[in-house]
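Colleague: One structure, pasted below without further comment.
The values are calculated or read from the model by the stated rules, or taken from the named source; none is laboratory data. Small disclaimer: the values here were computed from a predicted structure and weren't measured. Ideal geometry is used to build each Cβ from the backbone, glycine not excepted, and the neighbour counts take in all protein chains shown. Heads up: the accessible areas ignore ligands, DNA and RNA and are worked out on the full protein's heavy atoms, side chains in. Shrake-Rupley method; radii C 1.70, N 1.55, O 1.52, S 1.80 Å.
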Amino acid sequence: MRAFARLLFGRRARRRWIHLILGGALAMPYVFAGEVVIGPATGATNVFGSFPLQLAAFAAGLPLAAVTSLFPLTRPLEAGVVRWLCGVDADRLAYGPARTRGEKGRTAAWFTLHLGCGGIIAGMSLAVPPFAVVLIVLPFAGLWGSRLGLPEVFGHAWALALAPVVGVACLVALAACAAGCGALLARWAPALLGPSPEDRLAAAEARAADLAVRNRLARELHDSVGHALSAVTLQASAARRVLDSDPEFVREALAAIEDTTRRTVGELDAVLGVLRDGDAPGTAPAPTLAADLDGLLRRTRAGGLQVTADIRTSPQALPPRLSREAYRIVQEGLSNALKHAGDRVSVALRIEVADQHLEITVDNPLGTAIGSRPGGGHGLRGIADRARLLGGTAEAGAVEGTWRLRVRLPVTHPGR
């Protein structure tokens with residue numbers, strides 16, 4: 001019983017009832033326009049004095065409502081009202097103007113349905129409650145000797161006894177009609193006001209573009225800031241251990257920390273510039289293998305890591321995009337060695353071009369993870385994403401006691 005009462009008089013039912021009343025209010029100008037047509041056509045001087053003529057004027061006004069629904073703001077306004085009053089999820093509605101013929105047709109059908117159902121429920125809401133109240137109080141009015149202009153049947157005692165029950169039934173029937181029409185409109189709203197296949201495709205493309213930008217920023221932040229923090233941590237740790245015995249190494253480590261943090265601040269500004277303004281002008285250019293490989297190796301070695309670099313190709317000959325992505329891959333490979341291989345171990349870096357592919361290989365002994373944290377492992381995922389976007393492959397794993405990262409990227413990938 002409680003569920004039935006909530007279905008008819010609950011918060012959602014009341015809000016949908018309001019939505020129908022608004023439809024009835026919007027229908028009134030079209031009813032007046034229909035009266036102008038029905039009056040002369042039937043020769044009636046007072047259309048509103050006849051209930052059939054009122055219905056005819058209402059029916060004549062609905063086609064005009066369908067025509068005016070082509071106004072560009074109709075669909076976004078109706079979608080907003082449906083969202084708040086009918087409880088339809090926002091992602092199931094389209095908020096832009098109707099552009100195609102199909103969208104305009106569905107909008108016209110929805111607007112006509114809203115005004116049609118709203119006009120009927122609004123009229124019932126005006127007429128039924130007063131009549132129901134009269135029936136509920138009729139036994140008391142009968143005792144006072146007043147019939148209130150009702151049919152003669154209500155002069156009988158049994159009719160007076162049943163009048164309150166009929167009055168309550170009328171109110172319940174009105175609530176049921178309003179709830180049913182509200183549920184009908186809520187069910188049809190996504191089909192008539194929802195996005196078209198073209199809208200869904202455009203939204204999916206926009207989400208994909210946004211996700212691609214977010215993934216790109218995440219990779220850039222992880223590879224630049226993550227590598228810098230790992231390098232600075234290892235450099236500071238190495239300097240602290242030899243602070244008294246090797247002052248020269250400490251000075252080199254502190255200089256490397258200063259250089260690393262300065263460069264990282266510049267890279268962070270560039271990434272944040274992209275986040276704020278797209279490709280923001282005036283920001284520092286992204287590092288490349290051609291211009292920044294030597295500095296990366298120098299800063300890595302300053303932390304105590306013995307890096308053996310075997311560069312078998314000229315980085316300056318690589319395409320710009322490939323050079324940028326290859327730099328980030330090398331940076332992440334060295335960062336993994338810093339975090340996981342241990343202090344003062346040997347890392348072999350080999351970069352060469354074979355079969356029109358740039359091959360990057362980073363080998364380091366398996367060791368105990370340094371500074372590992374829960375939720376890590378994003379670096380290898382970022383390397384795999386970069387390689388996939390360039391049409392290449394990335395492999396990482398243990399090989400005979402050595403951790404090996406091997407990335408193979410095509411040099412002539414389209415669009416590079």
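Colleague: Give me the 1.4 Å probe accessible area per residue for region 176-265, excluding ligands and nucleic acids, in Å².
Modeller: 56 Å²
Colleague: With θ set to phi - 60° and the Karplus curve 6.51 cos²θ - 1.76 cosθ + 1.60, what are the ³J(HN,Hα) couplings of region 233-240 in order, to the nearest whole Hz, using x for Gly and Pro?
Modeller: In residue order, the calculated couplings are 4, 5, 5, 5, 5, 5, 5, 5 Hz.
Colleague: Work out from phi, with θ = phi - 60° and the Karplus expression 6.51 cos²θ - 1.76 cosθ + 1.60, the ³J(HN,Hα) of each residue of region 309-316, listed in order in whole Hz, and give x for Gly and Pro.
Modeller: Karplus values, whole Hz, x for Gly and Pro: 9, 10, 9, 9, 9, 8, x, 5.
Colleague: Separate question: Quick one: which residues, 5+ away or cross-chain, put their amide H under 5 Å from the amide H of residue 307? H built at 1.01 Å from N.
Modeller: Correct list: 347.
Colleague: With the dipole of region 1-118 worked out from charges on the C-beta (+1 for Lys and Arg, -1 for Asp and Glu) around the Cα centre, which of 67, 110, 40 lies farthest toward the positive end?
Modeller: Sorting the options by dipole projection puts first 110.
Colleague: Let me ask another. Leaving ligands, DNA and RNA out of it, rank 246, 292 by accessible area with a 1.4 Å probe, largest first.
Modeller: Ranked from most to least accessible, the order is 246, 292.
Colleague: Something else: GluC sites (Glu not before Pro) within region 29-115: which are DSSP loop residues with at most 16 other Cβ atoms inside 10 Å?
Modeller: Loop-located and lightly packed - none at all.
Colleague: So how strong a dipole does region 67-116 carry about its Cα centre when Lys and Arg Cβ are +1 and Asp and Glu Cβ are -1, to the nearest 20 debye?
Modeller: Computed charge dipole of region 67-116: roughly 180 debye.
Colleague: Let me check something: with ligands and nucleic acids excluded, how do 30, 327 order by accessible area (1.4 Å probe), largest to smallest?
Modeller: My answer, sorted largest first, is 30, 327.
Colleague: Keeping all protein chains in the complex and leaving out DNA, RNA and ligands, what accessible area do you get for residue 48 with a 1.4 Å probe, in Å² to the nearest 10?
Modeller: 80 Å²
Colleague: Step through the residues of region 74-80 one at a time and calculate ³J(HN,Hα) from phi using the Karplus curve (6.51 cos²θ - 1.76 cosθ + 1.60, θ = phi - 60°), rounding each to whole Hz and writing x for Gly and Pro.
Modeller: Karplus-based 3J(HN,Hα) across region 74-80 equals 4, 5, x, 5, 5, 5, x Hz.
Colleague: Another one. Could you list which residues have their amide H under 5 Å from that of residue 98, counting only those 5 or more apart in sequence or on another chain, with H placed in the peptide plane?
Modeller: Those qualifying (amide H under 5 Å, at least 5 residues apart or on another chain) are 75.
Colleague: If you count only protein heavy atoms and use a 1.4 Å probe, how large is the accessible surface of residue 393, to the nearest 10 Å²?
Modeller: About 80 Å², rounded to the nearest 10.
Colleague: Please give the FRET efficiency for residue 191 paired with residue 36, using the beta carbon to beta carbon distance and R0 = 22 Å, rounded to the nearest 0.05.
Modeller: Computed FRET efficiency for residue 191 and residue 36: 0.10.
Colleague: Moving to a separate point now. Let me know the shape class of region 1-102, please: from the alpha-carbon gyration tensor, a ≥ b ≥ c as square roots of the eigenvalues, rounded when a/c is under 1.5, otherwise prolate if a/b is greater than b/c, or oblate.
Modeller: Cα axes put region 1-102 in the oblate bin.
Colleague: So, taking all protein chains as they sit and a 1.4 Å probe, how much accessible area belongs to residue 117, in Å² rounded to tens?
Modeller: 20 Å²
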